[in-house]
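To keep things clear, I will list the structure first and then write my remarks on it.
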């Protein structure tokens, strides 16, 4: 399925009417072909999200050379053995979630300091999801920034399915305020409006822009 320009315009209009601050749309292109990404570029999208290092390199290595204003976000779990390769292609990492991963990034400090990071908070305390527990969020952010010098700019979360995301987004915002962090990545295809109303600065939208993913 190609990029849905109508839905993109709908999201953009909702942001214009309702956002408390500027909101960046991260178009999650995981499992979608390069042709759909080119359609998105032609509609004005410049920020994309990918979950896998190898897939991202295959699709974006040449594209970023031809479109240098493109920004690529890692939105999936990152294994420590993929850190070095990930630094070659991603600009922003939204899933910083453990000390071991931080230490691996610090091995490549000259590159890492030029990137941007979001700490992923396991906002619903779900066993099947990655992320720092909410009550440990402030301590982990302080560790990343103050102890390690990591360029952490925001927090990210994925609320539990089939539950009202509003209180979870409110909790993420509270943790960010305690940490003195301005950026909040919260809201996806089904709940981006709630995320925006709750103060999101970034929303991660895949299905609503690209259609169902090819597995």
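Numbers for the structure displayed
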| item | result |
| --- | --- |
| Kirkwood estimate for the range 95-201, i.e. one over the average of 1/r between Cα atoms, Å | 14.0 |
| Chain lengthening between residue 31 and residue 19 when straightened (0.36 nm per residue, less Cα-Cα) | 1.4 nm |
| Protection proxy ranking, peptides 166-174, 119-127, 5-13, average beta carbon neighbours within 10 Å, highest first | 119-127, 166-174, 5-13 |
| Overall dimensions of the chain by Cα: Rg and Dmax, Å | 16.4, 45 |
| Hydrodynamic radius (Kirkwood) for the range 157-215, which is based on Cα pairs only, to one decimal in Å | 11.9 |
| Sites residue 164 and residue 91 - FRET efficiency at Förster radius 25 Å, r taken between beta-carbons, to 0.05 | 0.15 |
| Residue of 14, 48, 117 that the Gaussian network model of the chain assigns the largest fluctuation, springs spanning Cα pairs under 10 Å | 14 |
| For the chain, calculated [θ]222 nm from helices alone, where every DSSP H run of n ≥ 4 adds -39500 (n - 2.57) | -10500 deg cm²/dmol |
| Paramagnetic label zone (point 7 Å from Cα along Cα-to-C-beta, residue 100; backbone N under 15 Å) in the range 116-130 | 130 |
| Simple label model, 7 Å out from Cα along Cβ direction - residue 190 to residue 55, nm | 1.9 |
| FRET efficiency, 1/(1 + (r/R0)^6) with R0 22 Å, evaluated for residue 12 and residue 114 via beta carbons | 0.15 |
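All of the numbers you see were taken from the coordinates with simple rules; none came from a lab. Bear in mind the structure is a predicted one, so any value in this text is a computation, not a measurement. A quick note on method: Cβ atoms are made from the backbone with ideal geometry, for glycine too, and the neighbour counts reach across all protein chains shown.
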